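A quick write-up on the structure given underneath.
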Amino acid sequence: MSLFEKYLKLRKQPYKMRFIDVILIWMVIISIVPILLLGFFWSRERTKQFNIEVVKLRTNYYTEQTTFIKNKVEQIIDQLESEIGFNAEINQKLSKVQIKEKENFLKKYILQRISKITFGREGYIFINTTDNQALIFDGKYQEKPIQILKSGRTEWISIYKKMKREVVDGKGHTFEYKFKKHSDNTLAYKLTYVKLFKPWGWIIGSGIYYDELNSTIESERVKLRDNIINDLYRIFFIFLVVVIILIFINHRLSKYLNQNIRTFKRVFSKAADDFSIVDIEKIKHQEFQELALSANKMIRERNKFFDALLQEEILLRSLIDAVPNLIFYKDKESRYLGCNKAFVAYMGIDEKEMIGKTDVDILGDERSLVYLESDKKIITSKTSLMNEELIKYPDGHEVRYETIKTYFTDINGDVQGIIGISHDITSHHQMLHDLNIAKEKAEESARLKTAFLANMSHEIRTPLNAIIGFSNLLVYDDEIDQEEKETYNRMISQSGDSLANLINDIVDMAKIEAGQIDIEKNDFSVKQVMEDLFVLYKEQAAAKNENIQINYEPDTKYEELVLNNDLFRMKQVMVNLINNALKFTEKGEITFGYKVDDTNCSFYVRDTGIGITQESLKVIFDVFTQIDGTYSRKYGGVGLGLSISRRLINIMGGDIQVESTPGIGSTFTFTLPLK
């Protein structure tokens, strides 16, 4: 590995301050501070001196240039006055026309000569007249004078007007203004001296741009700055020499101390790894030996603390894992920090895989949004939440839990995360559910029994009243004829049969409830039984209602079918179903018959009566139940027939079902096994 690679490797590691480094820093501070203070005060003094020199230079140069341009203008005016005085004597001998021609020639000559006067890069003489003409503009003689006010240059016009106002007193004036350079046609600030030459009405001026002033001043300023920089280099060199000397001294000192420091470092590194005690004999100097004794005491106390902490952690973990409830805890960002074994079984993943993940990572967005919202609410409001939830385990079984989530804090009271405990309340919830169902059934049973007793009392009183009433007429009324006696006897007989059937139904239900019903199985012909019922009910239907037609549909493939079962109970069920069909059918037809499949013989009764609603179909076979209480008054009955029929069919090994549409009719079907 090259030195460069070693350097890069070291640079990637965090730097740690050494004791020798601290000594070097303090040595540098103690030695260098006086030099830095000296350099600071010296540089401040030199800077102050430099600024004074710059100001002085700027002031002197400004004064010199102002005097220079003033002298130029004054010199030209003096020459003009001399020329006019010289020519005054000659003009006395000339006519006015000759004087005018000579004056014009002299003006042109002077203007051409003045236009050639230049100084510096941009210095020249300009001449304007008081009647708004520019005779020399931008250092050039104008054969045709420029009309200043008609030039369209607003800045020039403004400057001209200002000059014209000021020079009328005959004195020289200095102006500062922006004007275009004739070299590059750019605007720049210009210092100008102007004076009026009254004999000819000339405003004569000269100026210099500040750019030339600043460039000269800047060159002098650079010289001063270079001197200061050279002085700073000397101070830096002295500072560098001192630092090198201090580094050399530090190197020699560290060579002396490093041996003891490395020995002490090796011992403490080992103690930090395995909690071992520092060997005092390996420490040479007394100061380090005292430090080692303090370290040994600290290590012993730390060992006791960590042993106790580890024991408490093991105990707490065992307790949490032994609890059947689901226990979990998260940080402030809802990332899992840990959980017990019960929670691992619920989640279906190992605890190590769970740590550092959120519910979104494990469960997905759909289920986790509710959990994350409740976590956020607990942390922000510092409150506890409780809820019930039906949880589905990975194996498919479901358990209802009551979950309590709250926050936990550090020693300063700052919220650090959330802890949750879920308690299994499935059995409790099921018990409450069962109690509610039992309560509803008990209330419904009480209501039905009350309705049954009221209805049954009516059904019993009706035939009894008929029997008693007609019997009294037969005994005490001597005026009735033979035909009326026969009618009364028939009514007494029908009421007795009705009362007997009611009592038989009550007795059968009592036997069924007590489990004392007996089934007597014998062979019987299905065809014979069904034909007898057809003959019986065809006559009854004709006698009761001419609008009802009785139909019989046998299974022609099985006319010789013989069943081994209780013939009496089978006929009892068929009679009950046909009687119900007759009771609830005012017109139309009633059809009954049987069909045979591989295992069962299905008997059915189909009518075109009032029909049964879907809600009533759910309870039609329950004891003491009728589809509507008002029907008991209109059609009679106490609601035992279908319940008895269903239980008898179940005892005989079959089942009974019903299909119905209100207003269209109903079909009752029950099955009996072939064997």
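Per-structure values
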| read-out | value |
| --- | --- |
| FRET efficiency for Asn564 and Asp597, using Cβ-Cβ distance with R0 set to 25 Å, rounded to 0.05 | 0.90 |
| Of Lys116/Lys180; Lys116/Lys198; Lys144/Lys171, pairs whose Cα-Cα distance is over 25 Å | Lys144/Lys171 |
| Spherically averaged projected area in nm², based on the convex hull that wraps the Cα atoms of segment 327-414 | 6.0 nm² |
| Computed E for Val242/Thr59 - FRET, C-beta separation, R0 45 angstrom, nearest 0.05 | 0.65 |
| Coordinate range along principal axes, alpha carbons of segment 299-373, Å, largest first | 52, 26, 19 |
| Cross-link partners of Lys223 among lysines (Cα-Cα below 22 Å; sequence separation of 8 or more within a chain) | Lys48, Lys56 |
| Flagged links, alpha-carbon separation over 20 Å, of Lys330/Lys377; Lys304/Lys332; Lys352/Lys377; Lys72/Lys190 | Lys304/Lys332; Lys352/Lys377 |
| Equivalent ellipsoid semi-axes - Cα gyration tensor, segment 325-369, angstrom | 16, 12, 9 |
| Length released on extending from Glu373 to Leu293, taking residue separation times 0.36 nm less the Cα-Cα span | 23.4 nm |
| Burial ranking of peptide ranges 126-139, 163-176, 656-669 (average Cβ count within 10 Å, highest at the top) | 126-139, 656-669, 163-176 |
| Fraction of accessible area attributable to carbon and sulfur, segment 351-447 (%, probe 1.4 Å) | 55 percent |
| Electrostatic dipole magnitude of segment 293-448 [Cβ: Lys, Arg +1; Asp, Glu -1; Cα centre; debye, to 20] | 580 debye |
| Nearest-0.05 FRET efficiency for Asp478 and His433, computed from C-beta distance (R0 56 Å) | 0.20 |
| Per-peptide average of other Cβ atoms within 10 Å, ordering 478-486, 523-531 highest first | 523-531, 478-486 |
| Extension gain from Asp361 to Lys538, taking 0.36 nm per residue of separation minus the Cα-Cα distance | 56.1 nm |
| Per residue convex hull volume, Cα atoms of segment 287-341, in Å³ | 101 Å³ |
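The values are calculated or read from the model by the stated rules, or taken from the named source; none is laboratory data. Please read these numbers as outputs of a predicted model, since none were measured by experiment. With ideal geometry, Cβ positions are generated from the backbone for all residues, glycine too; neighbour counts draw on all protein chains shown. The accessibility values were calculated without ligands, DNA or RNA, using every heavy atom of the protein model including side chains. Shrake-Rupley method; radii C 1.70, N 1.55, O 1.52, S 1.80 Å.
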